[in-house]
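Asker: This structure is in structure tokens; I'll ask about it shortly.
The values are calculated or read from the model by the stated rules, or taken from the named source; none is laboratory data. A quick note: this is a predicted structure, and the numbers were derived from the prediction, not measured. As a convention, Cβ positions derive from the backbone with ideal geometry for all residues, glycine included, and neighbour counts pool all protein chains shown.
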Amino acid sequence: MVTAQSKPQSAETEKYNVIGTRPIRHDGVDKVTGAAQYGADLNLPGMLAGRVLRSPHAHARIVSIDTSKAEALDGVLAVITNADFPRASDEVIDTGEGTAQLNWVLDNVIASDKVLYKGHAVAAVAATDHHIAEDAIELIEVEYEVLTPVLDVRDAMVDGSPLLHESLHTGEMDGSKSDNPSNTASHLQFTKGDLDTGFADADVVIEREFETSMAHQGYIEPHNGSAYYRADGTLDIWTSTQGAFVVRDSVAPLLQLSPSQVKVTPMEIGGGFGGKIPVYLEPLAALLSQKTGRPVKLTMNREEVLLATGPTSGTYMRVRMGAKRDGTITAADVHLAFEAGAYPGSPVGAGAMCALAPYDIPNQRIDGYDVVVNKPKTAAYRAPGAPQSEFATESVLNELAEELGLDPLEMRLKNACEEGAQRADGFTYGVIGNVECLQAAQESPHWQSELEGPNRGRGIAQGFWFNIGFESSAYAQVNGDGTVPLVLGSTDIGGTRASLAMQLAETLGISAEDVRPHVVDTNSVGYTQVTGGSRTTFAGGWAAYETAMDIRRQMEERAAQIWECDAADVSYGDDAIIRGPQDEDGNDQQFTFKELAGQLVTSGGHIVGRADVNKTSSGPAFATHIVDVEVDPDTGKVDILRYTAVQDAGTAIHPAYVEGQMQGGVAQGVGMALNEEYYYDESGDLKNASLLDYRMPTALDLPMIETNIVEVPNPGHPYGVRGVGEVPIIPPAPAVRAAIANAIGVHMSELPMSPRAILDATVLDDE
Amino acid sequence: MASEHIVVNCTINGEQQVFLANERDSLLEALRDRIGLTGAKEGCNNGNCGACCVNMDGRIVNSCLVMAAECEGSEIRTVEGLASGDQLSPLQNAFLEQAALQCGICTPGFLVAAEALLEQNPDPSEHEIRYWLAGNLCRCTGYDKIIKAVQQAAGQSVV
């Protein structure tokens, strides 16, 4: 394999042979030749095509469903509704991004008594051809009693608002529930110090309100799910998912099967960003296959993806922050109301944990509300909850700096959390790279440069995301030629085959190219949590490291057996030389890795290393972003002129893919900042359910994105990994807001800061 | 509602192909479902994302917007036709070396579109590359490394 980008390794990774280099990813050739098989590419003999009928209403009671005409259509083999599923209990299951009640998981997959958002699935068909399936759903007759939709988080929280769920009561952190049913599913609060004292100490206090729109992950591959149920009760599922085990553990109880009856094969996945964790089509495909005895494939079109999969929450937020004249922040009060969509489970908890996380503020209160509305059930989206909450807090911090006449970067340095600082939610930091990111940004050519020209401005913002660990498994066999196939349970969404293989290679002292990573089905590897939470290179890498250490131990034992010595006298060096004691003639005894690999078969058989790790720890991630914009005062359009992203990766295993995560996060963050929104009319009809109208950044909308990887190794990982995927989506929106304010003197209060919003604000400003 | 079927003769990646298309099939559906070439991807099915880009008679088309029946007599090239045997094209190599893909779902469309750009304009500016590729959406990379891969394939120095 070639290593074309031979950029020098960083000081941190110089001590490594493989880590910090840029090998060609192992799955690369398949992905540039069209050979890689994504979920929709699967075709099995006798496979049927499925299609889903969806609700035209945002809120309605289902009075009746008549499927007889659809069933009578030539080529239709099955039609199902919610009533065809076994009754689901209210038991709580792990959904990979949290937990959910099983009956609500089922109701979101296919509506029972009520439809709760436009696009909510109502029925599904399987037919011999997808054109016939499309015709068939048109023949299903559904009678609805239309109800008043609840579309805004603040409206939904008002007493007397129409209720989505009569059984939902507001849960508090102490476990108590409200007496009356409510659309507010839960309330949480984190506090630290005393707010009154903190605000009394402040010389300047600023309070701002913010509204942000729902925004979609926007992966280019629509959802898909295929299933084949056999007469012996075993079920195969093929799907593009971030977590094959989560799919297994969601589908099995929905069909009342044992997890051992269900095998999920993760196909290649065309983007996810958190949105491909929940199940949507897989249970429908499974039941359709059960009804027909044939494999069934379901795919969504783009409109279905936007209408009926999980975007991130729209929000209403209010932040009050006070500081002394020298820039010391004395108090912050944060109110976060997050739309969960149709069922409880917004990311408000994570948003609350992150809201003030970069700063050591003595007096804080953070309130979070999880609120159901007649919009699709939200799903995780890259650092779920944090882009919203940190947009609000970073924006107010920038305004405080402006009010006090302080450099916003200096003000952040003055208040930055360091090792030992405690967040309001109780977490105390270990070694973190918060200050190092700010310092690197301060020294960057971008920050040091002058920005000139009318209607141009510069902004800065900090981002924090906690990252997660949890369970990952791996195993690997040493082949006779010294190559090592590495078997993984983590879906490779952006280069993790490479980043995990590199950690195995580093530990064994062999090349990345001598490791062949494979992602396999749920029967072929141990439990592995989702590819999400920036956990895969961290926890999966740890599993690869432990797998390699297991191989090293066995290689030592095998060498000892060959040399007829004590295994304690054999050592496996980081240079991949296995050294033993001198032989009877006083000669050194040693094997290279490949030499010993070549003797394994004749000395007792192959060696297989394995590991299952479950880490409750993680490595918190910080990022500092700088952006220059130009605002067109006539149209309100904002152009990004220059962008620099600084981020602490801990250790960058494959720097090119770390840069890629940073650049991709920036692009999504800029989209959220400037264009992307769910635009509903008053009936709850999403008016922009296409990629023309849901406007994501194109190549023409962005400049090159300068990256600066800071490496403050995470002491809680064998190679110092922190996880890099999520934090870069957080700073763009507040940085762009600050740049717009710097350019035209207007402080925006909503996301997206679209041309319409900017014209509204500037016209109002002129008046 | 029974559909008519149509015999279509065309050349795909240099090979003569005869297939039976449903009259409602797009070229994308015919490629994927009738011929078994799944390299072109469906991202939107209405011409907004470019994941289904193929080269049809020298022009880049969104194959989801072309009816299969329109392809009679056409010469079509898909991502599967870019490499020669086990030799990747310079553009394919550049995508790998520049780490210009993450999930890879948009990559076939970008490769087909970028190859056509370099055929017409062997030394494009950054702006020309961005303009040409604005019809192909990528959600993972922020485009930076894709632009650099095209620059590398054009023989330009890449920072």
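Asker: Out of segment B:85-131, which residues are of a type in the set (V, I, T) and more than 20 Å from B:A40 (Cα to Cα)? Please lay out each step first, then the result.
Answerer: Within segment B:85-131, the first condition is being of a type in the set (V, I, T), and the residues that meet it are B:105, B:107, B:112, B:129.
Of everything in segment B:85-131, just one residue is of a type in the set (V, I, T) and more than 20 Å from B:A40 (Cα to Cα), namely B:I129.
Asker: Let me ask another. Please indicate, with yes or no, whether at least one residue in segment A:135-142 is closer than 26 Å to A:F273 by Cα and of a type outside the set (S, T, N, Q).
Answerer: No, segment A:135-142 has no match at all.
Asker: In segment A:192-212, which residue that is buried (at least 22 other Cβ atoms within 10 Å of the Cβ) and part of a strand (DSSP E or B) is farthest from the other protein chains (Cβ to nearest Cβ)?
Answerer: Looking at the filtered set, the residue picked out is A:F210.
Asker: Is there a residue in segment A:695-702 that is in contact (Cβ under 8 Å) with a residue 12 or more places away in the chain, within 29 Å of A:D27 (Cα to Cα) and more than 10 Å from chain B (Cβ to nearest Cβ)?
Answerer: no
Asker: Working carefully through the options A:T624, A:T644, A:T602, A:T635, find the one that is of a type in the set (V, I, T), touching a residue at least 40 places away in the same chain (Cβ under 8 Å) and not in a strand (DSSP E or B). Explain how you work it out, then say what you get.
Answerer: Values: A:T624 fails: not in a strand (DSSP E or B); A:T644 fails: not in a strand (DSSP E or B); A:T602 fails: touching a residue at least 40 places away in the same chain (Cβ under 8 Å).
A:T635 is the lone residue from the list that is of a type in the set (V, I, T), touching a residue at least 40 places away in the same chain (Cβ under 8 Å) and not in a strand (DSSP E or B).
Asker: If you don't mind, another one. Condition test on A:L451, is it in the same structural domain as A:V629 (by TED's automatic domain parsing), part of a loop (DSSP other than H, G, I, E, B) and in contact (Cβ under 8 Å) with a residue 40 or more places away in the chain?
Answerer: Details: in the same structural domain as A:V629 (by TED's automatic domain parsing): yes; part of a loop (DSSP other than H, G, I, E, B): yes; in contact (Cβ under 8 Å) with a residue 40 or more places away in the chain: yes.
Spelling it out, A:L451 is indeed in the same structural domain as A:V629 (by TED's automatic domain parsing), part of a loop (DSSP other than H, G, I, E, B) and in contact (Cβ under 8 Å) with a residue 40 or more places away in the chain.
Asker: Is it fair to say A:G489 is within 14 Å of chain B (Cβ to nearest Cβ) and of a type in the set (G, A, S)?
Answerer: Details: within 14 Å of chain B (Cβ to nearest Cβ): no; of a type in the set (G, A, S): yes.
Judged against the criteria, A:G489 is not a match.
Asker: Scan segment A:536-572 for residues that are among the aliphatic types (A, V, I, L, M) and within 12 Å of A:A476 (Cα to Cα) and jot them down.
Answerer: Taking segment A:536-572 and keeping what is among the aliphatic types (A, V, I, L, M), we get A:539, A:543-544, A:548-549, A:551, A:555, A:559-560, A:562, A:567-568, A:570.
Once the filter is applied, which keeps residues that are among the aliphatic types (A, V, I, L, M) and within 12 Å of A:A476 (Cα to Cα), segment A:536-572 yields A:A543, A:A544, A:A548, A:M549, A:I551.
Asker: May I ask you to list the residues in segment A:147-191 that are touching a Lys or Arg at 6+ places or on another chain (Cβ under 8 Å) and assigned to a strand (DSSP E or B)?
Answerer: Result: A:H169, A:T170, A:G171, A:Q189, A:F190, A:T191.
Asker: Can A:A215 be described as among the aliphatic types (A, V, I, L, M), buried (at least 24 other Cβ atoms within 10 Å of the Cβ) and under 20 Å from A:V52 (Cβ atoms)? Spell out the reasoning first.
Answerer: Values: among the aliphatic types (A, V, I, L, M): yes; buried (at least 24 other Cβ atoms within 10 Å of the Cβ): yes; under 20 Å from A:V52 (Cβ atoms): no.
In short, no.
Asker: For segment A:322-336, enumerate the residues that are buried (at least 24 other Cβ atoms within 10 Å of the Cβ) and out of contact with any Leu (no Cβ under 6 Å at 6 or more places or on another chain). Lay out the reasoning, then the answer.
Answerer: Within segment A:322-336, the first condition is being buried (at least 24 other Cβ atoms within 10 Å of the Cβ), and the residues that meet it are A:322-323, A:329, A:331-332, A:334, A:336.
The answer is A:G322, A:I329, A:V334, A:L336.
Asker: So, in segment B:8-51, how many residues would count as being in a strand (DSSP E or B) and of a type in the set (S, T, Y)? Walk me through how you get there before you give the answer.
Answerer: Of the residues in segment B:8-51, the ones in a strand (DSSP E or B) are B:8-12, B:15-22, B:26.
With of a type in the set (S, T, Y) added as a condition, the list becomes B:11, B:26.
Looking only at that region, the number is 2.
Asker: Ok, one more. Looking at segment B:65-87, can you tell me whether even one residue there is over 16 Å from the mean Cα position of the chain (by Cα) and within 18 Å of A:A36 (Cβ to Cβ)?
Answerer: Yes.
Asker: Out of A:I493, A:I510, report the one residue that is outside any helix (DSSP H, G or I), β-branched (V, I, T), over 30 Å from A:V435 (Cβ atoms) and touching a Cys at 6+ places or on another chain (Cβ under 8 Å).
Answerer: Details: A:I510 fails: touching a Cys at 6+ places or on another chain (Cβ under 8 Å).
Just a single option satisfies the conditions, and that option is A:I493.
Asker: A:M502: surrounded by fewer than 24 Cβ atoms within 10 Å (Cβ to Cβ) and either hydrophobic (A, V, I, L, M, F, W, C) or within 14 Å of chain B (Cβ to nearest Cβ) (or both), yes or no? Walk me through how you get there before you give the answer.
Answerer: Numbers: surrounded by fewer than 24 Cβ atoms within 10 Å (Cβ to Cβ): no; either hydrophobic (A, V, I, L, M, F, W, C) or within 14 Å of chain B (Cβ to nearest Cβ) (or both): yes.
No; evaluated as a whole, the condition is false for this residue.
Asker: Could I ask something else about it? Select the helices (runs of 4 or more DSSP H) contained entirely in segment A:236-344, then report the ones holding at least 3 residues which are within 14 Å of another protein chain (Cβ to nearest Cβ). First the steps, then the outcome.
Answerer: Working: elements: A:244-254, A:282-292, A:302-308.
Counting at least 3 such residues, we get A:302-308.
Asker: Just to be sure before I move on: is A:A559 in contact (Cβ under 8 Å) with a residue 60 or more places away in the chain, crowded, with 20+ Cβ neighbours inside 10 Å, more than 29 Å from A:S260 (Cβ to Cβ) and not aromatic (F, W, Y) in the structure I sent? Spell out how you get there, then give the answer.
Answerer: Numbers: in contact (Cβ under 8 Å) with a residue 60 or more places away in the chain: no; crowded, with 20+ Cβ neighbours inside 10 Å: yes; more than 29 Å from A:S260 (Cβ to Cβ): yes; not aromatic (F, W, Y): yes.
No.
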